[in-house]
Amino acid sequence: MNTEPSNKNSPLILARRLVKRYRIGDSDVLALAAVSMQIDRGEMVAITGPSGSGKSTLMNIIGCLDSPDSGSYLLNGTDVAKLSDDGLAKIRSRYIGFVFQNFNLLPRLSALENVELPLLYSGRRDATQAAGQALEMVGLGNRLKHEPSQLSGGQRQRVAIARALANNPDIILADEPTGNLDSRAGRDILELFHRLHDQERTIVIVTHDAGVARHCGREMQIRDGQIVIQIEHAHVGRDELMATA
């Protein structure tokens, strides 16, 4: 099966009736119940919901970390729902950049090396240059040699965002990206996401924080494995948003 998304006219993300069950002990738990959704190129979207609502399961399927039991998931026109593990890994490495709440940085590597490492695994010959450019993009050009322990929480999250950006993915998928940050560092990270969105990057933020969700043009609220409401957030000036974040 072709794993190269190629249809530039289709929605970037199109999911139809995704179902996912997990076996826990003697019980089957329905994590997603026929979820359908669409995200277009250049959108900044929040997926919200309480713990256990299914938002993490939906994030894992969007991020090609897991596959649905039934339904279809088209990434830029190509159905990836039935891909093999190798096919999913190829899609992840090329088309999706991940940002995690806990940063997931290797403590003994510098900022530059943390961003460079996945590029080396993917065979990029210009890995060092690309990693340096990504760190410059997030304002850490003067911290290339610093290890995570020498960086603040906000700076570590910027390294994680640079790592997500380095391969120029179609989607930035962020899981609670401000969850481990104080309010000031959280505002800085949201401002960075706004700048990336201004560059027409597609950003999906999974969060339980209503304040973070307000920064996105659209919010999908999920409960009991179903999207129960979608909210189009009225345009608010960035300065106002940052003041209330």
| task | Work out the length of the dipole vector of the stretch 43-182 about its Cα centre, built from +1 on the beta-carbon of each Lys and Arg and -1 on the beta-carbon of each Asp and Glu, and round it to the nearest 20 debye. | result | 360
| field | Tilt relative to the chain, helix 85-95 - C-alpha long axis, 0 to 90 degrees, to 10 | value | 50
| query | By how many degrees, 0 to 90 and rounded to 10, does the Cα axis of helix 127-137 deviate from the longest principal axis of the chain? | reply | 90
| message | Amide H of S70 versus every other amide H placed in the peptide plane: which residues, excluding those fewer than 5 positions away on the same chain, fall under 5 Å? | response | V19
| field | S36 long-range amide H proximity, modeled H, under 5 Å | value | R17, L18, I227
| task | Just report the Cα centroid separation between the stretch 115-167 and the stretch 177-232, whole Å. | result | 22
| query | Among all stretches of the chain without exposed trypsin sites (Lys or Arg not before Pro) (DSSP loop, at most 16 other Cβ atoms within 10 Å), which one is longest? | reply | 146-245
| Per the Debye formula with a single identical scatterer at each Cα and no solvent contribution, what log10 I(q)/I(0) holds for the stretch 61-197 at q = 0.10, 0.11, 0.17, 0.19 Å⁻¹? | -0.34, -0.41, -0.91, -1.08
| task | Report, as a whole number in µm² per second, the diffusion coefficient that Stokes-Einstein gives for the chain at 20 °C and 1.002 mPa s using the Kirkwood radius over alpha carbon pairs. | result | 116
| field | Under the Karplus curve 6.51 cos²θ - 1.76 cosθ + 1.60, θ = phi - 60°, whole-Hz ³J(HN,Hα) for the stretch 202-207, x wherever Gly or Pro sits | value | 8, 10, 10, 10, 9, 7
| Per DSSP, loop GluC sites (Glu not before Pro) in the stretch 127-225 with at most 16 further Cβ within 10 Å | E200
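Read-outs: derived from the displayed coordinates by stated rules, not from any lab. In this text the structure is predicted, and so the values were computed from the model without any measurement. Cβ: placed from backbone, ideal geometry, glycine included. Neighbour counts: every protein chain shown.
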